Amino acid sequence: MTETIRTRVAIVGAGPAGLVLSHLLAASGIESIVVDQRSREEIETTIRAGILEQGTVELLAAIDGSRVHTVGSRHDGIELRFDGAGHRIDFADLVGRAVWLYPQHEALKDLIAARLAAGQDLRFGVTVASVEGADTSSPRVRATDPTGAPLEIEADFVVGADGSRSSVRAAVTGAHGGYFREYPFAWFGILCEAPPSAEELIYSNSPDGFALISQRSPTVQRMYFQCDPEADPHALSEAEIWDTLQKRVPGTTLAEGPIFQRDVLRFRSFVARDLRRGRVAIVGDAAHTVPPTGAKGMNLAVADVILLARALEALLLRGDEAGIDGWADAARQRIWKAQHFSWWMTSMLHVTPDATDFDRLRQLGELRTVVDSDAGRAYLAEAYTGWPLD
Ligand code: PHB
């Protein structure tokens, strides 16, 4: 027996994009269902980056029970470090905006609790096999429930918010794929028990490669250093990891402590060629991936769904198709700006394995061009804190 559910919007994926979209739709009186293949526990404990743009924070803070202002911390700047010296990019002074450090899984705990409290139909352990009928007025999601029994969702619109290995993407892009870029390096990431080494995040370019000194809480820190994409996260001793990190932030002494998690994060830039086909759209990582150097991932997902929620309101409440017809082009403008910024931060700060002396000195010239100029620092500050959502 196949269980069939009928709803207005079927959202695949209970990450930031899917949950924020269900919240925005509910606020307009549009019913939705959210399904995710993962368990609630997996979603709430998978560690991801956590820099939120001011616009993302304003949206999250307005949702009942949000802890973004109590558990998260505001950052009014970052430090760019190169050639042995630090240069502060003062967001408050340059653009009057800020970012918040609030780990994504904490934001997800808030969102899941708020959606469930509001009566949202939110189901975990649901595996989507395919989406059909994109070109009809009632697209369908074919899935299986946690027991393996077939489940079919019939909706007016289907949204794939199911991450980079999206099961919905094929229904939108067909064989078209998208635009890719691979990078010849990755990040070796650690979580350690130590106090913060600095008040703000440090993005450091050094002759040995890039390092990022980030934070999680007063007692837990997150740090990364550029490594080979094939690196084995368990091949280095803790002493070797600290030695590598210390060398990459010359001029700063890092507070060391026991390392309790390590991972290697591969870098990729990707934008799907199509973001919508008929009554099916893809958002967030299902539609695009950015390298983490610009801290844009979750913010871009939220921006996609803010625009999509407006377009769906017009379509589903007023039968107005203009918004949805223009949605992909509108979303793409921000997506490519974020792609550019993420690529730019990455290429400006990392050292490629084949870099010549010319490349190295040119890179220092580029970094100096940014920090020595009000316009250069303001460009970075504006992009990092997030362009306006309207
Ligand atoms: C993180 O804290 O994990 C983090 C912060 C900033 C980035 C990337 C990752 O650009």
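No value in this document is a laboratory result; all are computed from the given coordinates. Only a predicted model underlies this, so the values are computations on that prediction, with no experimental measurement involved. Note that each Cβ is placed from the backbone with ideal geometry, even for glycine, and that neighbours are counted across all protein chains shown.
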For the stretch 1-132, percent of DSSP beta bridges that are antiparallel (nearest 5) comes out at 60 percent
Would you be so kind as to identify which of PRO16, LEU59, THR4 lies farthest towards the positive end of the dipole of the stretch 1-86, taking Lys and Arg as +1 and Asp and Glu as -1 on Cβ and the Cα centre as origin?
-> THR4
Assertion target for LYS296, LYS337, LYS109, ordered by fewest C-beta neighbours within 10 angstrom first, is LYS337, LYS109, LYS296
If one builds a Gaussian network model of the chain from Cα atoms under 10 Å apart, the most fluctuating residue listed among THR356, THR369, THR252 is THR356
Could you give the size of the charge dipole of the stretch 233-388 about its Cα centre, using +1 on the Cβ of each K and R and -1 on the Cβ of each D and E, expressed in debye and rounded to the nearest 20?
-> 360 debye
Folded to 0 to 90 degrees: helix 357-371 orientation relative to the chain principal axis, Cα | 70 degrees
Of GLU193, GLU313, GLU240, the one that fluctuates the most in a GNM where the chain has Cα springs shorter than 10 Å = GLU240
The lysines whose Cα lies under 20 Å from the Cα of LYS337, excluding any fewer than 8 residues away in the same chain, are LYS296
Pop a pseudo-label 7 angstrom from the Cα along the beta-carbon direction at both ALA61 and ALA175 and give the gap in nm to one decimal.
-> 5.0 nm
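About its Cα centre, what dipole magnitude does the stretch 151-261 give when the only charges are +1 on Lys and Arg Cβ and -1 on Asp and Glu Cβ, stated in debye to the nearest 20?
It works out to roughly 240 debye.
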If you rank HIS288, HIS340, HIS350 by fewest surrounding Cβ atoms within 10 Å, what's the result?
-> HIS340, HIS350, HIS288
If you build a Gaussian network model of the chain, linking Cα atoms that sit under 10 Å apart, which residue out of VAL172, VAL57, VAL71 swings the most?
-> VAL71
Count the DSSP beta bridges whose two residues both fall in the chain, then state the antiparallel fraction as a percent rounded to the nearest 5.
-> 70 percent
Cβ-based charge dipole, the chain, positive-most Cα from VAL305, VAL351, PRO388 | VAL305
Mind checking the full-extension length gain between LYS247 and THR45? Use 0.36 nm per residue of separation minus the Cα-Cα distance, one decimal, nm.
-> 69.6 nm
